[in-house]
1. In contact with a strand residue (DSSP E or B) (Cβ under 8 Å, 6 or more places away or on another chain) and under 24 Å from S80 (Cβ atoms): is that true of K68 in this structure?
2. State all residues of the range 52-65 that are among the aliphatic types (A, V, I, L, M) and not in a helix (DSSP H, G or I); if no residue qualifies, say none.
3. Suppose we keep only residues that are at pLDDT below 85 and not in a helix (DSSP H, G or I) within the range 1-51. Which one would you say is nearest to the chain's Cα centre (by Cα)?
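The values are calculated or read from the model by the stated rules, or taken from the named source; none is laboratory data. Nothing here was measured: the structure is a model prediction, and the numbers come from that model. Neighbour counts are summed over all protein chains in view; Cβ atoms, including those assigned to glycine, are modelled from backbone coordinates with ideal geometry.
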Amino acid sequence: MPKKEIRDRSENNYLERSEKVLDRITEGKKQEKLNKFKIIEAFIKYIENRPLVLTEFDEKIWMAVVDKVTVLADKKMVFSFKDGTEI
């Protein structure tokens, strides 16, 4: 078998494997986006079924909107929300 034919086959095999890997990555990203969409959709349905005014602590809402709480040296607290707002 000539060297050129061996090289061509090797390159084709490499390209086929590369395309398969890229397809798997693309499919994985699609699945990740779908999973995030499902989580957001479920949270929206959860919120829609809640009363407009909260009368008690709701851990799901807290986890969905609060990123972190920082306690400062002077015992003040800074609430950092997932949208970037801080108070």
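1. On the way: in contact with a strand residue (DSSP E or B) (Cβ under 8 Å, 6 or more places away or on another chain): yes; under 24 Å from S80 (Cβ atoms): yes.
So K68 fits the description; yes.
2. Across the range 52-65, the qualifying residues are L52, V53, L54.
3. R50
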